[in-house]
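A.B. asks: Please see the structure below; I have some questions.
The values are calculated or read from the model by the stated rules, or taken from the named source; none is laboratory data. As the structure is a prediction and not an experimental result, all values here were calculated from the model. Note: ideal-geometry Cβ built from the backbone for every residue, glycine included; neighbour counts use all protein chains shown. Protein only, heavy atoms only, side chains kept; ligands, DNA and RNA dropped before computing areas. Shrake-Rupley method; radii C 1.70, N 1.55, O 1.52, S 1.80 Å.
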Amino acid sequence: MSDRYEVVFSCFLRDDTPASVMTALRWHLGMDAEYPEDLDDGQLYPLLAPDNYNNSRLPGGDVAFLRRTVQEFTSSGERYEWELFARKDWVDDSMLYLRDLLDLLAPHVAAGYGGHFRDIDGTALTVFTFRDGTYEPIEIPWGY
C-alpha cells in the first residue's frame, strides 16, 4: 500500500517567466496534452493535474489553476504576475519528482510562502518558501 500526500503550490511567478517553464507548468497542470520538449525530468505524467477519476482522498478533491493577475498599479502601468494554485493528492512514488518541480519553479517565484506537503495520515507539515531563486523546506510538527 502506498503512502499518500497532500501537495499544495500557492505562489506567484514573475510575469517574465520563460516560455519553456510556462509550457512545462501548463503540461503539469493538465492544460496542455503534449509533453514539452524542454522538460527533462523523466516524469511521464502531469504532477499537478486534478484527478478526473475522483480518486483524491482530500476533502474537496484536487484543484489546480494558473492565471495572470494584476499585482499592483504603478505610474508606468499595471504589474502582472502568474498566480499558481494547485492542491493534489500524490502517491509516494510521485514525491520523488517534487524536487524537480520545485527546481523548475524556484528561479521564477516571487519571494515568500510557496506551498506545503504533508502525509495525509500524519501530523507534520513541511512548508516550502522561496527566496533569491531557491527554496527552503521547513518542517512544522503538529501543534506548532
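A.B. asks: Please give the number of the condition D121 fails out of (1) assigned to a strand (DSSP E or B); (2) exposed (fewer than 11 other Cβ atoms within 10 Å of the Cβ).
C.D. replies: Every condition holds for D121 apart from (1).
A.B. asks: Next question. Those residues that are touching a strand residue (DSSP E or B) at 6+ places or on another chain (Cβ under 6 Å) and open to solvent by less than 50 Å² (accessible area, probe 1.4 Å), I need them from the stretch 126-144; list them, please.
C.D. replies: T126, V127, F128, T129, F130, I140
A.B. asks: Which ones in the stretch 101-117 are within 20 Å of R79 (Cβ to Cβ) and surrounded by fewer than 20 Cβ atoms within 10 Å (Cβ to Cβ)?
C.D. replies: P107, A110, A111, G112, Y113
A.B. asks: Inside the stretch 72-100, can you point out the residues that are in a strand (DSSP E or B), more than 22 Å from T134 (Cα to Cα), open to solvent by 60 Å² or more (accessible area, probe 1.4 Å) and in contact (Cβ under 8 Å) with a residue 24 or more places away in the chain?
C.D. replies: R79
A.B. asks: Something else: Looking only at the stretch 12-48, how many residues end up being of a type outside the set (D, E), open to solvent by 80 Å² or more (accessible area, probe 1.4 Å) and assigned to a loop (DSSP other than H, G, I, E, B)?
C.D. replies: So the answer is 5.
A.B. asks: Let me ask you something else. Of the numbered conditions (1) in contact with a Phe, Trp or Tyr (Cβ under 7 Å, 6 or more places away or on another chain); (2) closer than 20 Å to L47 by Cβ, A111 fails exactly one; give the number of that condition.
C.D. replies: All conditions pass for A111, except number (2).
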